[in-house]
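Peer 1: Input: one structure, supplied below.
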Amino acid sequence: MNDPGVTPSESSLDGLIASIDRQTDEGAAMAWCLESIKDIQGTIRAVDAKIGILLAALAFPLKDVAERYISAHSTGISIGSVIFTLAIVSYGLGILLSVLTLGGIGGSHYHATGSDHFNTFYAAGLFRLNFMDALFRRKEVRSTMSVEKFVDEIPKTCERMLLDLASEMMQLAYIRDLKILRQRYAFLFTGIAFLLGFVGFALTKG
């Protein structure tokens, strides 16, 4: 039942203001999500850049490391050669973690709790590719859904858009955190490798 003190024009105006406020809030939420996604993507690119430099630095002394390893074990097993072996293992772990950090991380949607629907924002899994596709461009590769089906999956409401954006944020956050973790250990093992290598080299020379 309408309030007798409120005219139809006032009621319509209040409804319009409420609708605008709701749209403004939803727009602000989506803008916040997009900015967060860009920030996470920027962090991921920064991690990849630093790891790329580390991997290049680790690749340079490979020949020298191999020669020193052979030289350290040429006179038999000693404390110095054991420490130098540990340095080689740590060096190898540093390289491995660097490569893993730069490598692609697929299936991140499995780690976002509640993200069980197809996310049109990222559209992961739209094409099923294999090793042959890495070598050749095959004409028989087709999308897993039609254009019409994809259009149906595109969110039509602000609530669904926010769900897709939130899902994308969570998936990117997992990728970022995993890359940062691998980066941290890559630098840690690299530092340990250089420390042990210096000690092992000093002992074998002594």
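The values are calculated or read from the model by the stated rules, or taken from the named source; none is laboratory data. Because the structure is a prediction, the values reported are computed rather than measured. Backbone-built Cβ (ideal geometry, glycine too); neighbour counts: all protein chains shown.
Results for (1) touching a helix residue (DSSP H, G or I) at 6+ places or on another chain (Cβ under 9 Å); (2) under 30 Å from LEU163 (Cα atoms); (3) in a loop (DSSP other than H, G, I, E, B); (4) modelled with pLDDT of 85 or more, shown as yes or no for each residue.
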| residue | (1), (2), (3), (4) |
| --- | --- |
| LEU54 | yes, no, no, yes |
| ASP64 | no, no, no, no |
| TYR69 | yes, no, no, no |
| GLY92 | yes, no, no, yes |
| GLY106 | no, yes, yes, no |
| HIS117 | yes, yes, yes, no |
| ALA124 | yes, yes, yes, no |
| ASP133 | no, no, no, no |
| ARG138 | yes, no, yes, no |
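Peer 1: Turning to a different aspect of this structure: Give ARG160, ARG176 a once-over and let me know the one that is charged (D, E, K, R), in a helix (DSSP H, G or I) and in contact (Cβ under 8 Å) with a residue 12 or more places away in the chain.
Peer 2: Of the residues listed, the single one that is charged (D, E, K, R), in a helix (DSSP H, G or I) and in contact (Cβ under 8 Å) with a residue 12 or more places away in the chain is ARG176.
Peer 1: Anything in the stretch 179-194 that is in contact (Cβ under 8 Å) with a residue 24 or more places away in the chain, farther than 12 Å from ILE95 by Cα and aliphatic (A, V, I, L, M)? List them, or say none.
Peer 2: The answer is ILE180, ILE192.
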